[in-house]
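Nothing in this text is a laboratory measurement; each read-out follows from the coordinates by a stated rule. Predicted, not measured: the structure shown is a model, and the values here were computed from it. Don't worry about glycine lacking a Cβ; one is built from the backbone with ideal geometry, like all the others, and counts go over all protein chains shown.
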Amino acid sequence: MALNRTAVFPNTFRVYVAQATTAEASLTAPTNVATVYPNTSGAAAKCTLLRVKANMATTASNVRIFLYDGTTYYLWKEVLTATLTPSGTVKSFEWEEAQDIDIPTGWSIRATTVGGDDVSVFAHIGEYLYTA
């Protein structure tokens, strides 16, 4: 019997990054968001890694990561930040976590910072390539 399915796999992976700097408290309808992965290719994608790195001193607060379908924000992750002042002997705050989530076509990854800390949010993304 012939297989009538199309093979689907993530194509070349890329690292996307956005900087969140403005304080935002909303859990459901944030307005001060940074777009980490815009998903403008028209293809679904797989996120395999998220990383948050502070660009300055941080306060005890958090960074929120959302999935956005173009209309509604869905809170996906909350990363608690520590109070740190980087120096020659103290590194700035960082967090990294492996992921295995499919991002539907048209959805994006967005980030906010609750305390107004200057952070960069990285996402390792492989957009799906459909082959016959």
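Straight-line cross-link partners of K77 among the lysines, defined as a Cα under 20 Å from its Cα and at least 8 positions apart when in the same chain: K46, K53. Within the stretch 24-68, what residues put their amide N at less than 15 Å from the label point 7 Å along the Cα-to-Cβ vector of T105? Only 39-46 fall inside the zone, counting backbone N under 15 Å. Over all other residues within a Cβ to Cβ distance under 15 Å of T35, the charged ones net out to +1, with Lys and Arg as +1 and Asp and Glu as -1.
Peptide packing: for 85-93, 65-73, the average count of neighbouring Cβ atoms within 10 Å per residue gives the ranking 65-73, 85-93, highest mean first.
Regarding the stretch 79-132, what whole-number volume in Å³ per residue does the convex hull of its Cα atoms give? It would help to have the intermediate numbers written out before the result.
On the way: hull volume 6.8 nm³, N = 54.
Taking the convex hull of the Cα positions in the stretch 79-132, it is 127 Å³ per residue.
Calculation over all alpha carbon pairs of the stretch 14-131 in 10 angstrom steps from 0 returns a P(r) of 14, 46, 29, 9, 2, 0 percent. In plain terms, the chain from D118 to S26 could stretch by 31.4 nm, reckoned as 0.36 nm per residue minus the Cα-Cα distance. If you run the Gaussian network model on the chain, springs between alpha carbon atoms under 10 Å, then out of N39, N55, N11 the most flexible one is N11. Extending 7 Å from the Cα toward the beta-carbon at both T85 and L49 defines two label points whose distance is 3.2 nm.
Expressed in nm², what is the orientationally averaged projection area of the convex hull enclosing the Cα positions of the stretch 17-72? Can you show the working numbers first?
Numbers: hull surface 19.1 nm².
Average of the hull's projected areas for the stretch 17-72 equals 4.8 nm².
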